[in-house]
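The values are calculated or read from the model by the stated rules, or taken from the named source; none is laboratory data. Keep in mind that what you see is a predicted model, and the values were worked out from it rather than measured. Methodologically, a virtual Cβ is constructed for each residue, glycine included, from the backbone with ideal geometry; neighbour enumeration extends over all protein chains shown. Just the protein is used for accessible areas: all its heavy atoms, side chains included, with ligands, DNA and RNA removed. Shrake-Rupley method; radii C 1.70, N 1.55, O 1.52, S 1.80 Å.
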Amino acid sequence: MALAKITTITGRGLAVPGNDIDTDRIIPARFLKAVTFDGMGEGLFFDARKAATAAGQVHPLDDPRFRGAGILLSGANFGCGSSREHAPQAIQKAGFRAIVAESYAEIFFGNATTIGLACVCATRADLARLAAAIAANPALEITVDLVGREIRFDGRKIPLTMRDSARDALVHGRWDPIGELLEGAAAVAATASRLPYLAAPQK
Amino acid sequence: MRTSPRNLFGKVWAAHAVRELANGQTQLLIGTHLIHEVTSPQAFAMLRDLGLKVAMPHRTFATVDHIVPTDRQTEPFSDPLADAMIKALRKNCTDHGITYFDLASGRQGIVHMVGPEQGITQPGTTIACGDSHTSTHGAFGAIALGIGTSQVRDVLATQTMALGRLKLRRINVEGRLGPGVYAKDVILHIIRTLGVNGGTGFAYEYGGAVFDRFSMEERMTVCNMSIEGGARVGYVNPDETTFAYLKGRPYSPVGAAWDEAVARWRAVASEPGCQYDDVVTISGADIPPTVTWGINPGQGIAITETIPDPAKATAVDEKASIEEALAYMKLRAGAPIKGIKIDVAFLGSCTNARLSDFKEVAKYLPGRRVAQGVKAIAVPGSQIVSRQCAELGIDRVFRDAGFDWREAGCSMCLAMNPDKLVGDQLCASSSNRNFKGRQGSPTGRTLLMSPLMVAAAAVTGAVADAREVFGVIH
Ligand code: SF4
């Protein structure tokens, strides 16, 4: 399976600020009542958007100035909570191809990487700079460069960090591991045969 | 030559590591795979798209839990989406030869209850499930991983997954817990102490005198919420308590195979003097009955404390997060948590819906009534627990006290079945997450606490100290 090499992502930005943004907030559980991931994008931050509207505010996702953004900004521990892949799926289906945040919850990070959604980290100060630049000019073009390990915008650049295994997987087009896992079938059988307690269970 | 002492995590990892992948991650053999209706249908669809089969169907076990209505489990479900999900699961299991504990099996329940009950969850194994609370199974000394749907596909297709090695933190809880302090308080206290992302990149090994004395059900309560502290995995070393629990379960080994298994399980435990990347020690006596007041499980306080004041926060971050939580929770900074009126009391979920949870509460309920205006529901986590409670008359005790006694499922832990909060109702809940909107209403509010504290809130109509309400002295 040839996968795209994800080296640089260019697009406009949109910030959903805050720390500990959990997967229930990213995609409320009622949207999980489905047997496919189709249409997940519509549920993205659904309740937060509705709450903003009710309070007479405009959620960034409903703000026409940010329409078509491809890079999502957030705070620390982004994606904590449930293991639902529906969360990164919703973000990807809503058109985002990269997230820039201070840090990520473990399972979310793995799920996102596996579907080719790049999760990079920036320091709080750099994130604030980037967010301010986007707020000042929503049409600003941002480039997340996984090879050069930097984010470029407005003639400036800030460093990005990313776990090596994930960066390597994206850059070399190995982000979906299924092909490589399948190649290991013989080794899997050998390992399995060494583990006695994994025999077929009795009924 | 003596080899240096090893920890359980390292031993299980080494035994299951198939090979190193190009990006440096490990291809890890998954001994046991558990699936449910929410996160598996897309994985089966991906399998079909790729033209792949399930590699080792006898190692996957399925049940249905999240979407099951708890007032009556009969099909068709009134919600057509839920009905489509159970049908899809049933069909996928039939098509691929996967054992499925269906509603009619008498063994259905929350997936994290079914594995242990059936003896499928065993020490020294690797377990994966498309559900973050898979960490529950670590109570048996397994490496149990919550995974996403693409990884469910990976495990179905290859019985392996790609994973980077985790660091290991040992958490000792020494001494004794005070009266009216439970396993739930232990984990809420740990998360409060180490933070909701304190466990990122770590597996947690729980031990110490308190865990040595804990029953398997108490160990499961703690391991269940490891993920709430950011740790992917949490486990307790297997011991006599573990073996006694597993003996005679449907999938437990028998005869000579049992003796061999116990010897193997004993040998997999962490050895004295082994290495950890970090060690944290907590005194059991310092753990209070704990209640959350905010919108993540780390925002907890002792029942005797007051709600945090953002003005007193030391970090900028902390100030903002307290403000956000108070605004959502509609709670007042500096007010005592005790005495806050509740609307709903929920006793259930994979954290606290086991026999011992209901038994403990039932000791104190006779002669009590759920306060007026409070909706109280008790939901066994599995059909087996439901039957055990019926046999012991526990369901009666709850009903007599004014609780709604339900059938097995995830129920009001999250919003995928008819049990939901309405509007901004405040719920005293024995579940594991207090995120915004978690219990089904976008403005619903959740306070996490132990089952007995839920009962105390139910009968007084307000957040209460169970030790005072029920005169708990142990
Ligand atoms: S009880 Fe709650 S946390 Fe547990 S599996 Fe069900 S929905 Fe998830």
**Request:** Being over 28 Å from A:Q89 (Cα atoms) and under 17 Å from the mean Cα position of the chain (by Cα) is the filter; apply it to region B:120-137 and report the residue that is surrounded by the most Cβ atoms within 10 Å (Cβ to Cβ).
**Result:** B:T121
**Message:** Condition check: part of a helix (DSSP H, G or I), more than 16 Å from the ligand (Cβ to nearest atom) and more than 14 Å from chain A (Cβ to nearest Cβ). Does B:A333 satisfy that?
**Reply:** no
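Residues checked against (1) away from the ligand (no atom under 13 Å from the Cβ); (2) more than 14 Å from every other protein chain (Cβ to nearest Cβ); (3) crowded, with 24+ Cβ neighbours inside 10 Å:
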| position | (1), (2), (3) |
| --- | --- |
| B:P380 | no, yes, yes |
| B:Q383 | yes, yes, yes |
| B:R396 | yes, yes, no |
| B:C410 | no, no, yes |
| B:Q425 | yes, yes, no |
| B:L452 | yes, yes, yes |
| B:A462 | yes, yes, no |
| B:R467 | yes, yes, no |
| B:G471 | yes, yes, no |
**Prompt:** Among the helices (runs of 4 or more DSSP H) confined wholly to region B:149-215, which include 2 or more residues that are aliphatic (A, V, I, L, M) and more than 30 Å from B:A62 (Cα to Cα)?
**Reply:** B:183-194, B:209-213
**Prompt:** Looking at B:F101, is it within 16 Å of the ligand (Cβ to nearest atom) and among the aromatic types (F, W, Y)?
**Reply:** yes
**Asked** Only one residue in B:L246, B:L156 is within 17 Å of B:G141 (Cβ to Cβ) and either more than 16 Å from the chain's Cα centre (by Cα) or within 14 Å of chain A (Cβ to nearest Cβ) (or both), so which one is that?
**Response** B:L246
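Listed here are the residues, each with its yes/no results for (1) farther than 29 Å from A:L14 by Cβ; (2) of a type outside the set (D, E); (3) part of a loop (DSSP other than H, G, I, E, B).
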site: A:A125; (1), (2), (3): no, yes, no
site: A:A128; (1), (2), (3): no, yes, no
site: A:A133; (1), (2), (3): no, yes, no
site: A:G148; (1), (2), (3): no, yes, yes
site: A:K157; (1), (2), (3): no, yes, no
site: A:G173; (1), (2), (3): no, yes, yes
site: A:G179; (1), (2), (3): yes, yes, no
site: A:A190; (1), (2), (3): yes, yes, no
**Among the candidates B:V111, B:V68, B:V64, residue that is within 14 Å of the ligand (Cβ to nearest atom) and over 29 Å from B:V236 (Cα atoms)** = B:V68
**Item:** Residues of region B:34-61 satisfying the condition of being within 16 Å of the ligand (Cβ to nearest atom) and either free of Cβ contacts under 8 Å to residues at least 60 places away in the same chain or within 10 Å of another protein chain (Cβ to nearest Cβ) (or both)
**Value:** B:E37, B:V38, B:T39, B:S40, B:F61
**Item:** region A:1-26: number of residues that are within 11 Å of chain B (Cβ to nearest Cβ) and either aromatic (F, W, Y) or assigned to a loop (DSSP other than H, G, I, E, B) (or both)
**Value:** 6
**Asked** Right, B:G31: in contact with a helix residue (DSSP H, G or I) (Cβ under 6 Å, 6 or more places away or on another chain), surrounded by fewer than 20 Cβ atoms within 10 Å (Cβ to Cβ) and among the small types (G, A, S) or not?
**Response** no
**Fill in**
Going through region B:412-423 in order, the residues found to be within 11 Å of the ligand (Cβ to nearest atom) and free of Cβ contacts under 8 Å to residues at least 40 places away in the same chain are B:A415
**Prompt:** Which members of region B:130-180 meet the condition of being farther than 22 Å from B:L246 by Cα, within 16 Å of the ligand (Cβ to nearest atom) and among the hydrophobic types (A, V, I, L, M, F, W, C)?
**Reply:** B:I147, B:V152
**Complete:** Those residues of region A:169-191 that are open to solvent by 60 Å² or more (accessible area, probe 1.4 Å), more than 7 Å from chain B (Cβ to nearest Cβ) and more than 19 Å from B:G31 (Cβ to Cβ) come to a total of 2
**Asked** What is the residue count in region B:235-284 for residues that are open to solvent by less than 20 Å² (accessible area, probe 1.4 Å) and assigned to a strand (DSSP E or B)?
**Response** 3
**Message:** Anything in region A:90-104 that is open to solvent by 10 Å² or more (accessible area, probe 1.4 Å) and without any contact (Cβ under 8 Å) to a residue 60 or more places away in the chain? List them, or say none.
**Reply:** A:Q92, A:K93, A:A94, A:G95, A:S103, A:Y104
**Prompt:** Across region B:427-450, what is the total count of residues that are over 18 Å from the mean Cα position of the chain (by Cα) and either within 16 Å of the ligand (Cβ to nearest atom) or within 13 Å of chain A (Cβ to nearest Cβ) (or both)?
**Reply:** 8
